[in-house]
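First comes the structure, then the notes that go with it.
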Amino acid sequence: MSPRVRFAPSPTGYLHVGGARTALFNWLYARRHGGTFVLRIEDTDAERSSWEMVAGIVDGLRWLGLDWDEGPDVGGPHAPYFQSQRLEKYREYAHALVRAGRAYYCYCRPEEIQMKRAEADARGETWTYDRACLQRDPAETARLDAEGAPKAVRFRVPPGQTRFTDLVHGEIAFDNANIEDFVILRSDSQPTYHLSVVVDDIDMEITHVVRGDDHISNTPKQVQLYEAFGKEPPRFAHVPLIMGPDKKRLSKRHGATSVMEYPRMGYLPEAMVNFLALLGWSPGGDREVLSRDELTQLFTLEGISGGNAVFNTEKLDWFNQQHIARLGAADLLSRVESRLREAGLWRDTLAGSEAAWMALVLELLRPRVRTLDHLVEELRPFLVDEPAIDSAAAAKHLTENLRPLLSELAAAFERLQPFDAATVEQTLRSISEAAGIKAAALIHATRVAVTGRAVSAGLFDVVVLLGRTRAVSRLRRAASYTLVA
């Protein structure tokens, strides 16, 4: 049977980075083995569930390019894919366990249990449920039912051990003596996580459960439920958690945790997918920059490490830079177009009559930029009539002894033939040598003059791409620049 995996987020309103990595691992495994990727929404609280809360998760998955074979919007043979629409099924399964003697009704009030737990704490002991309701007199139980007393359903934990083989961590065993009889259906008839997830995985024929390490402690209860239902448990693979640089669990204090914040900051989905895939998984060897297709071909659950992964924004920046560098000029321009429009820098000719020139500009800038926002700023000097001159850069480089040389350089550029990077460099160096100053000083002054800033791509290429007319105009403007005291 081809694998069937699922990503089952709660409707929090956004896709968390950790959830995105879990979804990616499931998606890669399904695509690698020709399996099925199911999206299921764990929204047992129907009152708090809405499409708006799900939309952020769906948007995040779609931005990453993680399409699902069954689930919201696409349907499938195991619909519905919202737990809030499956509540009656969970109740049927819970009551079936009661009839089979694998679960029982619990009439204990929450305050009773809290009191017993507090008394045990006061004695320095750990309290677990004492099976009081399992030992109730049948007449008392009948009386409580006649009175309409609320009742939950507790699963009867069997003696012995619960063992399972984790595809990441190997053999794992839990002593059942440390697991109390747990509630699977609350007194308001709402299912708990353990019941709903097992029923759904059975119903949807899930073969592999790939999820975070924080679920390992949940697994013995779920394995017991599978056995009680007479079903073979799926294969489990618990993947390392994602930590911040301080080795604490990733949270908003470490920066953006919602996936959809990253496209707004100028990251490419290809880079995010590549980065997330390598958080806790290795393809072997020293390859790092991989396309989605390459990741699919290489992905194995055996390649997942047991140690926690660190979310390093600098590494994400590096991946983004590498994937930007892989894009063709037309593709890169289309991706940055909306940002250029927002910045007031777009003109339709950039994709038309100026496309060849724009391709050369992008070729020059592409290796330098970390994000699409960074690219917009690098493009600015090429797309405005006159760039604003940074005052700090001017104070440092447009000094009194250099400004006259900018006028001289402008005059030389006006008659320079051919106007290319080699002749531009030769002309600048000749003028600096004749003036008895270091070429670097005039290079810095020229950069500030033509770009308005102290740092840019290779100056001589920048000058040529700006063109003779604009380069000359900007040099003359800078030559008359007045420093503000």
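The values are calculated or read from the model by the stated rules, or taken from the named source; none is laboratory data. Keep in mind it's a predicted model, so treat the numbers as computed, not measured. A quick note on method: Cβ atoms are made from the backbone with ideal geometry, for glycine too, and the neighbour counts reach across all protein chains shown. Heavy atoms of the whole protein, side chains included, go into the accessibility calculation; ligands, DNA and RNA do not. Shrake-Rupley method; radii C 1.70, N 1.55, O 1.52, S 1.80 Å.
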>> In Å, what Kirkwood hydrodynamic radius results for segment 1-65 from the alpha-carbon pair distances?
In response: 12.3 Å
> About the Cα centre of segment 265-372, what is the dipole size in debye to 20, counting +1 per Lys and Arg Cβ and -1 per Asp and Glu Cβ, all else neutral?
Replying inline: 240 debye
> What do the square roots of 5 times the Cα gyration tensor eigenvalues come to for segment 18-166, in whole Å, largest first, as semi-axes of the equivalent ellipsoid?
Replying inline: 40, 20, 17
> On full extension of the chain, what length is gained from residue 395 through residue 218, given 0.36 nm per residue of separation minus the C-alpha to C-alpha distance?
Replying inline: 57.4 nm
>> Students sometimes get this wrong: rank 396, 248, 221 by accessible area, probe 1.4 Å, all chains present, largest first.
In response: 396, 248, 221
>> Tell me which of 297, 352, 452 sits at the most positive position along the dipole axis of the chain, charges placed on C-beta atoms (Lys, Arg +1; Asp, Glu -1).
In response: 452
> How large are Rg and Dmax for the chain when only the alpha carbon atoms are used, in Å?
Replying inline: 32.1, 111
>> Below 14 angstrom from the Cβ of residue 238, what's the summed charge of the other residues (Lys, Arg +1; Asp, Glu -1)?
In response: -2
>> Quick check: residue separation of residue 95 and residue 348 times 0.36 nm, minus the Cα distance between them. What number comes out in nm?
In response: 84.5 nm
> In whole Å, how far is the Cα centre of segment 1-56 from that of segment 230-304?
Replying inline: 15 Å
>> Could you give each residue of segment 462-472 its phi-based ³J(HN,Hα) in whole Hz, using Karplus coefficients 6.51, -1.76, 1.60 with θ = phi - 60°, and x for Gly or Pro?
In response: 4, 4, 5, 6, 5, x, 4, 4, 5, 4, 5
>> Just to confirm my understanding: which cysteines in the chain have no other cysteine beta carbon less than 4.7 Å from their beta carbon?
In response: 108
> Quick one: if you stick a label point 7 Å off each Cα along the C-beta vector at residue 335 and residue 226, how many nm between them?
Replying inline: 4.0 nm
>> To the nearest 20 Debye, how big is the dipole of the chain about its Cα centre, given +1 on the beta carbon of each Lys and Arg and -1 on that of each Asp and Glu?
In response: 940 debye
> Based on DSSP, what percent of beta bridges with both residues in segment 1-152 are antiparallel, to the nearest 5?
Replying inline: 25 percent
> Considering only the other residues whose Cβ falls under 13 Å of the Cβ of residue 483, what net charge follows from Lys and Arg at +1 and Asp and Glu at -1?
Replying inline: 0
>> Just the number: Rg to Rh for segment 310-362, Cα atoms, Kirkwood Rh, two decimals.
In response: 1.09
> In whole angstrom, how long is each semi-axis of the equivalent ellipsoid of segment 140-264, when you take the square root of 5 times every eigenvalue of its Cα gyration tensor and sort them from largest down?
Replying inline: 33, 21, 15
> How many percent of DSSP beta bridges within segment 160-278 run antiparallel, rounded to 5?
Replying inline: 55 percent
>> Could you tell me the calculated FRET efficiency between residue 302 and residue 128, based on Cβ-Cβ distance and R0 = 41 angstrom, to the nearest 0.05?
In response: 0.65
>> Net charge within 14 Å of residue 452 by Cβ-Cβ distance, Lys/Arg positive one each and Asp/Glu negative one each, not counting residue 452 itself?
In response: +2
> In Å, what is the Rg of the alpha-carbon atoms in segment 215-266, and how long is Dmax?
Replying inline: 17.5, 50
> In terms of the Cα gyration tensor, with a ≥ b ≥ c the square roots of its eigenvalues, is segment 238-343 rounded because a/c is under 1.5, prolate because a/b exceeds b/c, or oblate?
Replying inline: oblate
>> Expected output is a single nm value to one decimal: the length gained when fully extending between residue 315 and residue 289, i.e. 0.36 nm times separation in residues minus the C-alpha distance. What is it?
In response: 8.2 nm
> Of all DSSP beta bridges in the chain, what percent run antiparallel (nearest 5)?
Replying inline: 55 percent
> Counting only protein heavy atoms, what percent of the accessible surface of segment 125-229 is carbon or sulfur at a 1.4 Å probe?
Replying inline: 46 percent
> Taking a ≥ b ≥ c as the square roots of the eigenvalues of the Cα gyration tensor of segment 348-425, is the shape rounded (a/c under 1.5), prolate (a/b larger than b/c) or oblate?
Replying inline: oblate
> For the pair residue 178 and residue 115, what calculated FRET efficiency results from E = 1/(1 + (r/R0)^6), where r is the Cβ-Cβ distance and R0 = 22 Å, to the nearest 0.05?
Replying inline: 0.45
>> I'd like the distance separating the alpha-carbon centroids of segment 181-209 and segment 307-322, in whole Å.
In response: 36 Å
> Is it possible to state the helix-based mean residue ellipticity at 222 nm for the chain, with each DSSP H run of 4+ residues giving -39500 (n - 2.57), the sum divided by total residues, to the nearest 500 deg cm²/dmol? What is it?
Replying inline: -14000 deg cm²/dmol
> Which value, in debye to the nearest 20, describes the size of the charge dipole of segment 359-472 about its Cα centre when Lys and Arg Cβ atoms bear +1, Asp and Glu Cβ atoms bear -1, and nothing else is charged?
Replying inline: 180 debye
